[in-house]
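The values are calculated or read from the model by the stated rules, or taken from the named source; none is laboratory data. Fair warning: this is a prediction, and the values are worked out from it, not measured in the lab. Backbone-built Cβ (ideal geometry, glycine too); neighbour counts: all protein chains shown.
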Amino acid sequence: MNYATIKYCDIANGPGVRTSLFVSGCTHHCPGCFNEVAWPFDYGEPFTEAVEDAIIASVTPFVAGLTLLGGEPMEPENQAGVLHLLRRFRAECPGKTAWCYSGYTFEQLTGQQPARCSTPEAREILSLLDVLVDGRFVQALHDITLRFRGSSNQRLLDLPKTLAAGKPVLWEDEPLFATHGLV
């Protein structure tokens, strides 16, 4: 697996300060994609053990968690690397949250709708996530007022609740200022 970039201290891709890994490789090619440069699987740098070490080390007490984006983290070609990182993240960063952005839907990832991304690795990845932002970016549905997503068709799924229910359960965002005592 290759990666396009890592953003340390990211505040745009999930709640709080996060470390965000942008993997390389995406077959969706959504018109208007904000990260078209990361579509080729060979773009960027190899995702090595040293890179993984740096990501884990970056999740300090003030960092809320890890976010995986792309490219496409759930492409079958990327799933082994993503799974290894998430297993380690869960073991070494207790209490932190894991988010993933995917152009694939929950139904495709779980095999409820046939798709190339539905693998045993994908199902294990889902079990290690707190939130999945699913669905392709659709330029015609782009809305800059949406929090943590680019187009209105995309869902923010609470994965523990979704997996327990066997159907999509939306993530409930906290009021923006509630955690800071300003409400």
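What to note about this one:
- Scan of segment 130-153 for residues that are of a type outside the set (V, I, T) and in contact with a Phe, Trp or Tyr (Cβ under 7 Å, 6 or more places away or on another chain), ordered by number: D130, L132, D134, G150, S151
- Number of positions in segment 1-14 that are out of contact with any Lys or Arg (no Cβ under 9 Å at 6 or more places or on another chain) and in a loop (DSSP other than H, G, I, E, B): 2
- Subset of segment 73-100 [outside any helix (DSSP H, G or I) and closer than 17 Å to A115 by Cα]: P73, M74, E75
- Every residue from segment 151-183 that is at pLDDT below 95 and touching a His at 6+ places or on another chain (Cβ under 8 Å): none
- Test: residue in segment 122-136 that is of a type in the set (D, E), touching a helix residue (DSSP H, G or I) at 6+ places or on another chain (Cβ under 9 Å) and either on the phi > 0 side of the Ramachandran plot or in a loop (DSSP other than H, G, I, E, B) (or both): yes
- Total residues in segment 12-56, condition over 17 Å from P76 (Cβ atoms), hydrophobic (A, V, I, L, M, F, W, C) and under 14 Å from the mean Cα position of the chain (by Cα): 3
- Pairs are defined by a Cβ separation below 6 Å, a sequence spacing of at least 6 or placement on different chains, a first member in segment 143-168 that is in contact (Cβ under 8 Å) with a residue 24 or more places away in the chain, and a second member that is of a type in the set (S, T, N, Q); the pairs so defined are P168/T162.
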